[in-house]
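Please read the structure below before turning to the comments.
The values are calculated or read from the model by the stated rules, or taken from the named source; none is laboratory data. Remember, predicted model here, so these are calculated numbers, not experimental data. Positions of Cβ are backbone-derived with ideal geometry, glycine not excepted, and every protein chain shown enters the neighbour counts. Surface accessibility is based on the protein's heavy atoms, side chains included, excluding ligands, DNA and RNA. Shrake-Rupley method; radii C 1.70, N 1.55, O 1.52, S 1.80 Å.
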Protein chains: 4
Amino acid sequence: MNIAFLGLGGMGHPMARNLLKAGYDVSVWNRTQSVAETLVSEGASVLTAPSAAADCDIVISMLADDNATRDVLFSQNVLTTLKPGALVINMATISVSLIRELTEICPDRHLFFINAPVLGRVEVADAGNLNILASGDGQQIDRAQPLFDVMGQKTWRFGDKPENACAAKLATNFVLASAIEALGESCALVESHDINASDFIAMLTGTLFSAPAYKGYGAMVAEERYTPVGFKLTLGLKDMLLVQQAAEKKNVPMPFASVMRDNYLEAIAGGDGDLDWSALGNVTRKRSRLR
Amino acid sequence: MNIAFLGLGGMGHPMARNLLKAGYDVSVWNRTQSVAETLVSEGASVLTAPSAAADCDIVISMLADDNATRDVLFSQNVLTTLKPGALVINMATISVSLIRELTEICPDRHLFFINAPVLGRVEVADAGNLNILASGDGQQIDRAQPLFDVMGQKTWRFGDKPENACAAKLATNFVLASAIEALGESCALVESHDINASDFIAMLTGTLFSAPAYKGYGAMVAEERYTPVGFKLTLGLKDMLLVQQAAEKKNVPMPFASVMRDNYLEAIAGGDGDLDWSALGNVTRKRSRLR
Amino acid sequence: MNIAFLGLGGMGHPMARNLLKAGYDVSVWNRTQSVAETLVSEGASVLTAPSAAADCDIVISMLADDNATRDVLFSQNVLTTLKPGALVINMATISVSLIRELTEICPDRHLFFINAPVLGRVEVADAGNLNILASGDGQQIDRAQPLFDVMGQKTWRFGDKPENACAAKLATNFVLASAIEALGESCALVESHDINASDFIAMLTGTLFSAPAYKGYGAMVAEERYTPVGFKLTLGLKDMLLVQQAAEKKNVPMPFASVMRDNYLEAIAGGDGDLDWSALGNVTRKRSRLR
Amino acid sequence: MNIAFLGLGGMGHPMARNLLKAGYDVSVWNRTQSVAETLVSEGASVLTAPSAAADCDIVISMLADDNATRDVLFSQNVLTTLKPGALVINMATISVSLIRELTEICPDRHLFFINAPVLGRVEVADAGNLNILASGDGQQIDRAQPLFDVMGQKTWRFGDKPENACAAKLATNFVLASAIEALGESCALVESHDINASDFIAMLTGTLFSAPAYKGYGAMVAEERYTPVGFKLTLGLKDMLLVQQAAEKKNVPMPFASVMRDNYLEAIAGGDGDLDWSALGNVTRKRSRLR
């Protein structure tokens, strides 16, 4: 079984490397080819173009966004050149609409398609400890499971439709962003009453909120430590827009998502777009002139 | 040292009983006197009126809201009859304004005042495992600490001003309510994409959100299990209004609090006021006609 | 018939003067007595205290807010000293709660009470062109009608309950503030696309929005002309809080009111509290760094 | 000079007919050809396909939305077949993005492009009384002005960039929708206080809000008269999404637009998508169970 891995960004690079380390035959492609070449010493072959993946059994797509995915899979002829029976796996967070298109097009070309976006930041990908949210045909998920077991600590299955895992991933990022926003507003409230934000967060995470999301982001928001960047704020906005699109298609009003969309825009207007997305936690402080 | 405990509601009753069990000399008062009498067999003496607390060293006030606290402490003459040097401890969640009034008035009457609202539902109070958020003069908190150690598992100190603990408590309830609202909106989103809400919550609480707040309320929201009632929805609105008041005094805009205020009002208008406050988690589902 | 006029602020002063000009016997009272004395040359007698209104047939209360009204009518003994059959008219914008209290208390003291808040800024009051929103017992409104006809151009009646006119007035200010906020957001949108805001407003007010509210506030927002102050921004917040209180009592969620409450708080935090309330129109521009 | 008019919906049909009445040589095309044929008796020639417009001097595009415009102008080869020097005029409300694409592409093909969306409902189009918001090269607007004078009562120019008129049009619809939402919330507030909504609206439109927008929509909201449909609620959502897109590109947070987006989604979920867009005015009433 040979695998093509398309997209070697912050997340894709360690994921591909873990597959190589586990002994898989992996060909890699990246827009900036020099990045692909860093994996040659680990046993990767470098594809000169996405369409060179034509003979692979499994293609993993881990590209930046809808535009990059559309460009590589459609315009650069991946889907038109793959052999019948090949499995295409999207592991990036892209829109429900594009997942639907891929779900429709792949069978026409005798390809299988499953969706498997991931939870975890770069260091988690590095350690092979991602959580993978998978949906699509069960047999094809079974086919990919050994690869998922190398890249992640657990695979959570969400049914037969590839778009399901997308909705689950977007909903997770929404819950995470909501936690950050709530931390930001509450830190502003306690600071305005002369309480040290770190003391407040220590209490929260020592009681009802003793979870990784609150421990990690709680400390970052309390200390206003928005670098190094785990997930860029502009990507936070991108995900919130994807949440809104997914919700709009089903007539689901999501007022928290609306608030966060507007707050991300304000943060970007204020020059914080390149900080970690948890810099959302400073918007309320700035509005109330605590900063 | 004798203690007067005023207010034996769902929380106050087990708190007072734990003090009795620990061997303290506790006099109790409750609006409905029959409730007070249930503690006689545990060693309590029953006060016929709040002002009968006049000879006590420490008065603990655990009353329903601002109006009840104001009525008992002011109108029913507790503050005017206590002997000099007595310590008044508020353990209820009341407004920053009322805490400020008490902070000003008590010294005029040679009384000490500290504020110590609690985190935890009835069963937690019962087990003596509350988390206590305390603020005010440090020596007076030391004086009360043995009592806090009986009623709670840990005391978190938030500085010299009694209103600080109030802000910290309100901020905590705000973060908790925000988690519930985020769960409600995200469950609506995933359900609209044919995902079972419980599967989604299992993934959340198995990964980034492995905390009591999400495990407890996540299951309730996923299963729409809003009885038995741990904390009534109308009290959720009350707390959100207190959050808004505390924020208004410091010019802190809190858009999530605004969203929740409006959603609580809608839930109450729709007849859900007597359910658990986590029924907030059904507002988005109803709006999008998933229910 | 002799009239006592309590409260000679920006609005009260010209209203009282118009009554004097029309030949009425008017006694006046103001917290700062020197203001009251400026009306002596127009024929007014000056009351040394609100309770000196005891012999008047009609008392008009035009005080700053709930606190001032409560202080003067209750604490300074107006209601306890008036003779039976006297008519108390509130013309200020105060809370539904306080109107209800007055509605209950006045009959106990054999006094009549109606509510008649006004629309219009100082120059409108000066010209006797206010619009008066009146509610309460119809016969008592008839009794006051000659006075209303002197102070205003038209009286709009809203039923038998004094609180009705309060709700109508608050709803009007809400619609007005909403127009200002919509102008602010739309000016930010067009300016971000390199359109001159005044050109945009000229088109709006030349087509669908050819009304005083849009002509006046449209120009102020387009030109960012927030002085001289017709109605202070902090009073805009006060009114929005009264709107929220009135809505809360009836379980009416008002998301626009929530947005504006938060935006007023931000404007005040940013130092704009003493500008005209239409400075609300700059909040979005600041957030998007167009200013 | 011969003109091609593409798109004969509710608005396009009377606009094309007015051009014919004024004596212009107009060829028409519509997806459903029978609609085009109704104009033959008025002197129109019917185009069998959009590309049959190849010899025209001016092409007016009045199509339903981005997709229809893209399909007709791009896929159905209008832009590739027009002769050099022809002028393409978009008069529909489409996205800023598509306007930008047209602005870039047309010069490459030696075509001119201006943008001229309109204000007014069907009966206004019928009477030739539209307000036209135009932007783009001034000489080309001059070239089109005689046609605009036939279709509209006034042309408002918004600068050299075609996208400007789009922003101005979207901002206008945003202000209009905000007025409807404010009317809806305020009617809920006054009705909850037992005031007849029509009495309240009469006062508003008799005082500060004596403008067509408030008179027309005020009566519709007060009386809940959402048929016949002037502008469908689903189109209201479409426009609000275009507003949000235009704002997002410039990092302008628009909280009122966010509220309305969510309220439109709720109205559609509740089955009101085919009513007039002013049915937005019933969302708050339903939430507060006044309906």
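From A:Asp137, A:Asp126, grab the single residue that is under 18 Å from A:Leu63 (Cα atoms), surrounded by fewer than 24 Cβ atoms within 10 Å (Cβ to Cβ) and in contact (Cβ under 8 Å) with a residue 12 or more places away in the chain.
A:Asp126
Quick check: anything in region A:151-163 of a type in the set (Gly, Ala, Ser), surrounded by 24 or more Cβ atoms within 10 Å (Cβ to Cβ) and within 20 Å of the chain's Cα centre (by Cα)?
The answer is yes, given that some residue of region A:151-163 is of a type in the set (Gly, Ala, Ser), surrounded by 24 or more Cβ atoms within 10 Å (Cβ to Cβ) and within 20 Å of the chain's Cα centre (by Cα).
Kindly indicate which of C:Asn131, C:Asn115 is in the same structural domain as C:Gly12 (by TED's automatic domain parsing) and surrounded by fewer than 23 Cβ atoms within 10 Å (Cβ to Cβ).
Matching residue, one of C:Asn131, C:Asn115: C:Asn131.
May I ask you to verify whether A:Asn282 is touching a residue at least 24 places away in the same chain (Cβ under 8 Å), among the polar types (S, T, N, Q) and assigned by TED's automatic domain parsing to the domain that holds A:Phe174?
Yes: the conditions hold for A:Asn282.
Cβ-Cβ below 8 Å, separation at least six or inter-chain, first residue in region B:187-214 and at positive phi, second open to solvent by less than 40 Å² (accessible area, probe 1.4 Å) and assigned to a loop (DSSP other than H, G, I, E, B): which pairs?
Correct list of pairs: B:Asp194/A:Gly159.
Within region D:80-109, which residues are in a loop (DSSP other than H, G, I, E, B) and either in the same structural domain as D:Lys249 (by TED's automatic domain parsing) or open to solvent by less than 10 Å² (accessible area, probe 1.4 Å) (or both)?
D:Ala86, D:Met91, D:Ala92, D:Ile94, D:Ser95
So, in region B:241-279, of the ones that are without any contact (Cβ under 8 Å) to a residue 12 or more places away in the chain and within 30 Å of B:Glu191 (Cβ to Cβ), which residue ends up surrounded by the fewest Cβ atoms within 10 Å (Cβ to Cβ)?
B:Gly271
Quick check on this structure: which one of D:Ala222, D:Ala211 is buried (at least 18 other Cβ atoms within 10 Å of the Cβ), at pLDDT 95 or above and within 15 Å of D:Ile180 (Cα to Cα)?
So the residue among D:Ala222, D:Ala211 that is buried (at least 18 other Cβ atoms within 10 Å of the Cβ), at pLDDT 95 or above and within 15 Å of D:Ile180 (Cα to Cα) is D:Ala222.
Among the residues of region B:219-253, count how many are out of contact with any Leu (no Cβ under 6 Å at 6 or more places or on another chain) and farther than 29 Å from C:Met240 by Cβ.
Final tally of qualifying residues: 10.
From (1) surrounded by fewer than 24 Cβ atoms within 10 Å (Cβ to Cβ); (2) more than 26 Å from B:Asn263 (Cβ to Cβ); (3) touching a helix residue (DSSP H, G or I) at 6+ places or on another chain (Cβ under 8 Å), pick out the condition that doesn't hold for D:Pro228.
(3)
Checking the structure you have, find out if any residue of region A:110-119 is under 17 Å from the mean Cα position of the chain (by Cα), assigned to a helix (DSSP H, G or I) and away from every other protein chain (no Cβ under 14 Å).
no
Criterion first (touching a Leu at 6+ places or on another chain (Cβ under 8 Å) and either over 24 Å from D:Arg100 (Cα atoms) or open to solvent by less than 30 Å² (accessible area, probe 1.4 Å) (or both)) does D:Gly10 satisfy it?
Taking the combined requirement at face value, the residue does not satisfy it.
Could you list, in sequence order, all residues of region A:17-52 that are within 15 Å of A:Met1 (Cα to Cα) and either without any contact (Cβ under 8 Å) to a residue 12 or more places away in the chain or touching a strand residue (DSSP E or B) at 6+ places or on another chain (Cβ under 6 Å) (or both)?
Hits for region A:17-52 are A:Leu19, A:Leu20, A:Gly23, A:Tyr24, A:Asp25, A:Val26, A:Ser27, A:Val28, A:Ala44, A:Ser45.
Is there a residue in region D:179-189 that is open to solvent by 10 Å² or more (accessible area, probe 1.4 Å) and either in the same structural domain as D:Val243 (by TED's automatic domain parsing) or modelled with pLDDT under 95 (or both)?
Among the residues of region D:179-189, not one is open to solvent by 10 Å² or more (accessible area, probe 1.4 Å) and either in the same structural domain as D:Val243 (by TED's automatic domain parsing) or modelled with pLDDT under 95 (or both), which makes the answer no.
Taking D:Asp71, is it under 16 Å from D:Gly152 (Cα atoms), of a type in the set (Asp, Glu) and within 20 Å of the chain's Cα centre (by Cα)?
Here the answer is no, as D:Asp71 does not meet what is asked.
Given (1) at the interface with chain C (Cβ under 8 Å from one of its Cβ atoms); (2) within 14 Å of C:Ile195 (Cβ to Cβ), where does D:Ala165 come up short, assuming only one miss?
In the conditions (1) at the interface with chain C (Cβ under 8 Å from one of its Cβ atoms); (2) within 14 Å of C:Ile195 (Cβ to Cβ), D:Ala165 misses (1) alone.
Considering (1) over 24 Å from D:Leu275 (Cα atoms); (2) part of a helix (DSSP H, G or I); (3) facing chain C (nearest Cβ under 10 Å), say which one D:Ala144 fails and leave the rest.
(3)
Considering (1) modelled with pLDDT of 95 or more; (2) open to solvent by 20 Å² or more (accessible area, probe 1.4 Å); (3) farther than 22 Å from B:Thr284 by Cα, say which one D:Phe200 fails and leave the rest.
(2)
Would you please name the residue that is nearest to the other protein chains (Cβ to nearest Cβ), looking only at residues in region B:147-162 that are touching a residue at least 12 places away in the same chain (Cβ under 8 Å) and more than 20 Å from A:Phe200 (Cβ to Cβ)?
B:Met151
Where in region D:184-291 are there helices (runs of 4 or more DSSP H), lying fully within it, with 1 or more residues that are away from chain C (no Cβ under 11 Å)?
Filter on region D:184-291 gives D:197-206, D:212-223, D:233-249, D:255-269.
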